Amino acid sequence: MTFHSQEDITRILEADHWRMDVLKAAEGLDLPDWWIGAGFLRNAIWNAMEGIDSPPTRDVDLVYFSEADVQPETDWAYDEKMRIDYPFAEWEIRNQARMHYVNDFQPYESAADGIAHWVETATCVAVKLKDGKLSYLFCHGTEDLFGLIARPIPEFKSENLLPVFYQRIEKKRWKEKWPNLKVMTE
């Protein structure tokens, strides 16, 4: 199946009760500059493209941005609250105002800036729900997402970070999950 637009993505998500429940729960946290990204959105699209009808990953990468409180304990408390209140997902909630340290990048300026620095271009995507309306973030466009392409962001093309890109693809068994996936570094 071919997808080309946000309307196509909206149809996929609105038909997925689990993902919509996750988005409603996340909206209820009322975090500043929040998004759910990575596999939550990418996998839904790639599965639909490949005609795979499998249960969604339970992993939920919810990010937000707040310079007012960059303590990791705050994020852990959000994780625990969501695990108790909404146990149908495995929540990982991270403030992007502090996550730049993971790969020794410059501090991020927003949640979108943090998402733009995730490893693969097709992973640098996110969605949120506000007042019943879905909004999307495509930090590196949609070409790789709709093209079923795994490509590192520019920063991960460096000699010391490119192995991280390949390790993720192997560890997460992407070629097994999506046999038509193209892995590209250019």
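Here are the numbers for this structure:
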| read-out | value |
| --- | --- |
| Using a Förster distance of 41 Å, the FRET efficiency for Thr185-Arg11 (Cβ separation, nearest 0.05) | 0.80 |
| Ranking of His140, His100 by count of other Cβ atoms within 10 Å, fewest first | His100, His140 |
| Residue-span extension gain [Lys81 to Ser110] - 0.36 nm each, minus C-alpha spacing | 8.1 nm |
| Shape call, segment 82-131: gyration tensor on alpha carbons, a/c limit 1.5 | prolate |
| Relative contact order of segment 93-186, pairs being alpha-carbon contacts under 8 Å that are 6 or more residues apart, as % | 21 |
| Other-chain or far-sequence residues with amide H under 5 Å of Tyr108's (modelled H) | His100 |
| Exposure proxy order (Cβ contacts within 10 Å, fewest to most) of Tyr86, Tyr101 | Tyr101, Tyr86 |
| DSSP beta bridge pairing in segment 6-180, given as percent antiparallel to the nearest 5 | 65 |
| Per-residue HN-Hα couplings for segment 141-147 [Karplus 6.51, -1.76, 1.60; θ = phi - 60°; Hz; x = Gly/Pro] | x, 10, 4, 6, 4, 6, x |
| Loop chymotrypsin sites (Phe, Trp or Tyr not before Pro), segment 110-150, which have at most 10 other Cβ atoms in a 10 Å radius of their Cβ (DSSP) | none |
| Amide H partners (placed H, <5 Å) of Ala38, local residues excluded | Val125 |
| Protection proxy ranking of 102-110, 59-67, 35-43 - average other beta-carbon atoms within 10 Å, highest first | 35-43, 59-67, 102-110 |
| Likely footprinting exposure, Ile153, Ile115, fewest C-beta neighbours within 10 Å first | Ile153, Ile115 |
| Spin-label zone in segment 116-135 - amide nitrogen under 17 Å from a point set 7 Å from the Cα of Asn103 along the C-beta vector | 116-126 |
| Förster-model FRET efficiency, 30 Å R0, Ser158 and Glu73, C-beta, rounded to 0.05 | 0.40 |
| At least 15 Å along the helix axis (C-alpha) and Kyte average at least -1.0, DSSP helices within the chain | 17-29, 39-50 |
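Every number in this text was worked out from the coordinates using simple rules, so none of it is lab data. The model shown is predicted, which means the values in this text are computed figures rather than measured ones. Here Cβ is always computed from backbone atoms with ideal geometry, including for glycine, and neighbour counts include all displayed protein chains.
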